[in-house]
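Read through the structure below, which is laid out as structure tokens, and then see the notes.
The values are calculated or read from the model by the stated rules, or taken from the named source; none is laboratory data. Bear in mind that the values here come from a model prediction, so they are computed numbers and not experimental data. Every residue, glycine as well, gets a Cβ built from its backbone with ideal geometry; the counts of neighbours run over all protein chains shown.
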Amino acid sequence: MSNGDAFKKGLEGLDQGPRPSEAADDGAPPPAGDLPEHPSVEALRAEFGESVLRHQVTAGDEHVIYIPSERNVEILGWLRDSPEHRYDFLQDLTAVDHGGGRAIQVVYQLWSIPNKLNLRVKCELPLDGLEIESVFHLWRAADWLEREVFDMFGVVFHGHPDLRRILMPYNYAEGHPLRKDFPLRGRFTRAEQTRRALSMKTEDHYSPQELDIAHALGQPLPDVMVEGGPGVPNQGEMPGIGIGAG
Amino acid sequence: MALKRLIYNVTRNPELSPGGALVHAPIVPVQGESYEVHEDIAGEHMLINIGPQHPATHGVLRLVLELDGETVVRCIPHIGYLHSSFEKLGEYRDWNQIVPLTDRMDYLAPLIYNCAYAMAVEKLMGVTVTERCKVVRVILMEMDRIFSHLLWLGTTAIDLGAFTVFLYTFQQREKIYDLHERLTGARITTSSTRIGGMMADLPAGWIEQLEEFMTNFIPVVDEVETLLTNNAIWVGRTQGVGDISAEDAVNWGLSGPNLRASGVTYDIRKDRPYYDYETYDFDVPVGEHGDIYDRYLCRMEEMRQSVRILRQAIDRLPGGPINVDDPRVILPPKTAAMNDMESMIHHFKVVMEGVRAPVGESWFSVESSKGELGMYVVSDGGSKPVRWRVRGPSFINIAALPHMIEGALLSDVIAVNASLDIVLGEIDR
């Protein structure tokens with residue numbers, strides 16, 4: 001085998017992970033003064049001064065800045081609107097929980113279509129204060145993304161017009177799944193999860209807004225699970241499931 | 001209260017080239033005078049539920065619509081019926097074990113997802129893949145772009161009543177399934193990338209099979225174009241339906257053909273080129289009106305452009321190894337692991353402990369068939385990610401659905417939803 005020798009040589013380094021291919025000799029992060037420059041970071045420092053808490057460069061060319069969570073709308077709005085930056089495209093909005101009681105980071109990934117520039121903006125929220133202002137009014141793309149972060153991490157976005165769970169069911173009671181303190185199998189036992197799934201009512205499949213519409217129209221809710229009768233079918237009596245089948 | 005209803009007159013408006021050939025749609029719907037419909041059905045709103053089990057929702061999407069007669073007043077989508085918690089699962093898998101999760105998200109273009117994930121992790125680890133691997137991945141991604149657009153074309157046509165197109169496109173998709181199967185052993189769940197390379201190199205004769213597919217595929221695209229592009233029913237159902245302005249499309253975060261149909265020239269292959277895309281000669285089709293018809297034209301042209309890229313990539317496909325020569329990332333060859341002690345220990349450690357990534361994070365996005373596919377990986381130095389986040393293009397595209405269909409007719413809901421090219425596996429993740 002041609003690269004058999006390379007495997008012998010590389011054996012002792014396995015614990016350190018892959019070697020960087022561009023031969024950064026010691027792998028230490030470059031000193032703070034030598035960070036590659038990013039035009040928007042300089043401008044942000046000039047405009048907002050101390051509010052740019054930290055500036056990092058990761059994975060070679062990705063610029064990350066940390067800002068205080070209470071100024072997020074102001075700073076992100078400035079980045080979107082100021083004519084020389086124009087971050088008009090919200091690529092992504094997500095959160096990261098590092099575990100161990102550390103703060104949850106809300107991550108805004110921005111892209112400027114006219115200037116072809118990337119910038120990642122992070123806000124850190126302590127676990128006992130998971131609240132931040134919504135950027136729904138800056139980018140409508142944030143609508144579902146913020147709902148997802150709320151669903152998965154429990155971060156409350158003030159000013160979001162319709163903040164409710166998006167991937168998990170509306171009556172999901174086990175918490176926020178992507179938090180590190182959430183066990184992979186969920187908090188309830190399998191039996192309890194099954195019991196709850198089977199006892200869902202028609203109303204549980206609708207959002208409060210839809211319940212209001214149906215109420216205003218004086219119309220019964222269209223049943224999701226079955227044509228005709230109210231509520232879900234008694235799945236326990238279906239062959240093969242066997243719960244409550246007696 | 002009397003209900004105002006718009007009526008659409010259909011006028012014949014053929015546009016001919018100097019040579020006399022038909023250039024543009026022969027029939028254009030024109031908005032006419034509004035008139036009052038009968039008093040006794042006025043003001044009757046209705047709440048209806050479409051899905052989650054409905055063939056026209058392309059999966060398990062559920063839409064709750066408030067209708068005024070046949071006009072949609074409000075649309076509230078519900079997702080999550082296919083939620084599989086991939087991102088949480090990823091935190092319990094080592095870097096290579098996540099690859100099988102990625103192709104289960106977009107099972108219509110699995111290789112793009114495999115490649116995008118591997119590229120994000122390689123960027124985090126600072127691994128540069130070999131030249132051959134780069135070109136092979138470009139070939140696989142462009143092939144799957146065609147693969148996904150063909151499905152989109154067939155199902156959208158069938159949603160609008162054109163059954164023949166579906167049969168033509170699925171015949172061609174079958175050829176790509178065969179290519180998948182020869183390369184990876186699986187038709188849909190390919191799982192073909194590994195950190196630092198591929199599961200296997202291209203098998204002998206694979207490129208010839210791909211070339212044969214391309215030769216036979218272009219006439220099919222031409223044939224579908226003759227069936228649809230100037231077809232009066234197709235034009236009437238798609239032009240001016242579900243349109244979104246360029247400004248709105250950017251604000252709503254649309255990407256891919258849906259964004260370019262509105263006239264925004266944002267294609268990651270051009271704007272943030274990866275894998276030497278800047279050296280390939282191809283065009284990015286951009287629409288103007290942002291309606292279903294322009295999305296259709298964009299995707300048709302993208303398939304032709306993908307064939308162009310594929311031909312160039314096949315021409316430049318270099319020899320040499322497909323995997324990086326870094327024993328800390330790649331498994332040793334099986335014969336070495338069986339015959340040589342160090343290789344066997346090494347094999348054991350990579351399999352049991354996984355590859356370690358340095359502390360840090362990386363965001364990487366590729367132009368998938370559906371739009372911008374972003375992968376965000378955060379590492380604390382271990383062999384498992386702290387966070388693995390997928391920016392699914394369908395998830396954000398479908399969020400704009402209510403904006404596009406409120407005020408449209410119920411039958412347009414199906415058309416607009418089909419035109420966005422969603423895949424629920426990736427929306428729900």
With the condition kept exactly as written, say whether any residue in segment B:365-382 is assigned to a helix (DSSP H, G or I), at pLDDT 90 or above and either closer than 21 Å to A:GLU62 by Cβ or not polar (S, T, N, Q) (or both). no
In this structure, does B:MET303 turn out to be surrounded by 23 or more Cβ atoms within 10 Å (Cβ to Cβ), more than 9 Å from chain A (Cβ to nearest Cβ), assigned to a strand (DSSP E or B) and modelled with pLDDT of 90 or more? no
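Would you be able to say whether some residue in segment B:57-65 is buried (at least 17 other Cβ atoms within 10 Å of the Cβ), of a type in the set (A, V, I, L, M), part of a loop (DSSP other than H, G, I, E, B) and in contact (Cβ under 8 Å) with a residue 40 or more places away in the chain?
For segment B:57-65, residues buried (at least 17 other Cβ atoms within 10 Å of the Cβ), of a type in the set (A, V, I, L, M), part of a loop (DSSP other than H, G, I, E, B) and in contact (Cβ under 8 Å) with a residue 40 or more places away in the chain: present.
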Filter segment B:311-329 down to residues that are out of contact with any Lys or Arg (no Cβ under 7 Å at 6 or more places or on another chain), among the β-branched types (Val, Ile, Thr) and within 28 Å of B:VAL350 (Cα to Cα), then give me how many there are. 2
Residues to consider are B:SER365, B:SER411, B:SER419; find the one that is away from chain A (no Cβ under 11 Å), buried (at least 23 other Cβ atoms within 10 Å of the Cβ) and of a type outside the set (A, V, I, L, M). B:SER419
Is it the case, given these coordinates, that A:HIS158 is touching a Ser or Thr at 6+ places or on another chain (Cβ under 8 Å) and either modelled with pLDDT of 90 or more or within 11 Å of chain B (Cβ to nearest Cβ) (or both)? yes
Here are some residues: A:MET168, A:MET200. Which one is at pLDDT 85 or above, within 19 Å of B:GLN53 (Cα to Cα) and either within 14 Å of another protein chain (Cβ to nearest Cβ) or in contact with a helix residue (DSSP H, G or I) (Cβ under 6 Å, 6 or more places away or on another chain) (or both)? A:MET168
Out of A:LEU119, A:LEU211, I need the residue that is at pLDDT 90 or above, on the phi < 0 side of the Ramachandran plot, of a type in the set (A, V, I, L, M) and not in a loop (DSSP other than H, G, I, E, B). Which one? A:LEU119
For segment A:114-128, pairs from a residue that is acidic (Asp, Glu) to a residue that is crowded, with 19+ Cβ neighbours inside 10 Å and in a strand (DSSP E or B), with Cβ under 7 Å and 6 or more apart or across chains, are A:GLU124/A:GLN105
Could you please let me know if A:HIS137 is in a loop (DSSP other than H, G, I, E, B), over 25 Å from B:GLY90 (Cβ atoms) and either of a type outside the set (S, T, N, Q) or outside the structural domain of A:ASP88 (by TED's automatic domain parsing) (or both)? yes
Collect the residues in segment B:106-128 that are buried (at least 24 other Cβ atoms within 10 Å of the Cβ) and in a loop (DSSP other than H, G, I, E, B), keeping them in residue-number order. B:ASP106, B:LEU108, B:ALA109, B:VAL127
So for segment B:163-186 (the condition being buried (at least 20 other Cβ atoms within 10 Å of the Cβ), touching a Phe, Trp or Tyr at 6+ places or on another chain (Cβ under 7 Å) and polar (S, T, N, Q)), does at least one residue qualify? yes
Examine segment B:333-353 for a residue that is at the interface with chain A (Cβ under 9 Å from one of its Cβ atoms), assigned to a loop (DSSP other than H, G, I, E, B) and in contact (Cβ under 8 Å) with a residue 60 or more places away in the chain, and state whether such a residue exists. no
Of all residues in segment B:240-256, count the ones that are in a loop (DSSP other than H, G, I, E, B), farther than 16 Å from B:GLY161 by Cβ and not small (Gly, Ala, Ser). 4
Give segment B:308-324 a look and list any residue that's assigned to a loop (DSSP other than H, G, I, E, B) and surrounded by fewer than 17 Cβ atoms within 10 Å (Cβ to Cβ), or say none. B:LEU317, B:PRO318, B:GLY319, B:GLY320, B:PRO321
Assuming B:GLU91 fulfils every condition listed in (1) farther than 23 Å from A:HIS176 by Cα; (2) acidic (Asp, Glu); (3) within 11 Å of chain A (Cβ to nearest Cβ) apart from one, which condition is it? (1)
What number goes with the only condition from (1) part of a loop (DSSP other than H, G, I, E, B); (2) facing another protein chain (nearest Cβ under 8 Å); (3) surrounded by fewer than 23 Cβ atoms within 10 Å (Cβ to Cβ) that B:ALA357 does not pass? (3)
Residues satisfying the stated conditions in segment A:141-155, i.e. in contact with a helix residue (DSSP H, G or I) (Cβ under 9 Å, 6 or more places away or on another chain) and more than 10 Å from every other protein chain (Cβ to nearest Cβ): A:VAL155
Residues in segment A:50-57: is at least one within 14 Å of another protein chain (Cβ to nearest Cβ), among the polar types (S, T, N, Q) and surrounded by fewer than 19 Cβ atoms within 10 Å (Cβ to Cβ)? yes
For segment B:129-136, check the following and say yes or no: at least one residue is at pLDDT below 90, surrounded by fewer than 22 Cβ atoms within 10 Å (Cβ to Cβ) and either facing chain A (nearest Cβ under 9 Å) or assigned to a loop (DSSP other than H, G, I, E, B) (or both). no
Result of the Cβ filter at 6 Å on segment B:185-214, keeping first residues that are more than 14 Å from chain A (Cβ to nearest Cβ) and closer than 27 Å to B:ILE98 by Cβ and partners that are among the hydrophobic types (A, V, I, L, M, F, W, C) and in a loop (DSSP other than H, G, I, E, B), at least 6 apart or interchain, is B:SER192/B:MET199; B:MET198/B:ILE322
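Please determine whether any residue of segment B:137-147 is closer than 30 Å to B:ASN231 by Cβ, crowded, with 21+ Cβ neighbours inside 10 Å and among the β-branched types (Val, Ile, Thr).
yes
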Looking for whichever is modelled with pLDDT of 90 or more and in contact with a strand residue (DSSP E or B) (Cβ under 7 Å, 6 or more places away or on another chain) here; the options are A:PHE136, A:PHE153. Which one fits? A:PHE153
When you scan segment A:97-140, how many residues do you find that are among the β-branched types (Val, Ile, Thr), buried (at least 21 other Cβ atoms within 10 Å of the Cβ) and within 11 Å of chain B (Cβ to nearest Cβ)? 2
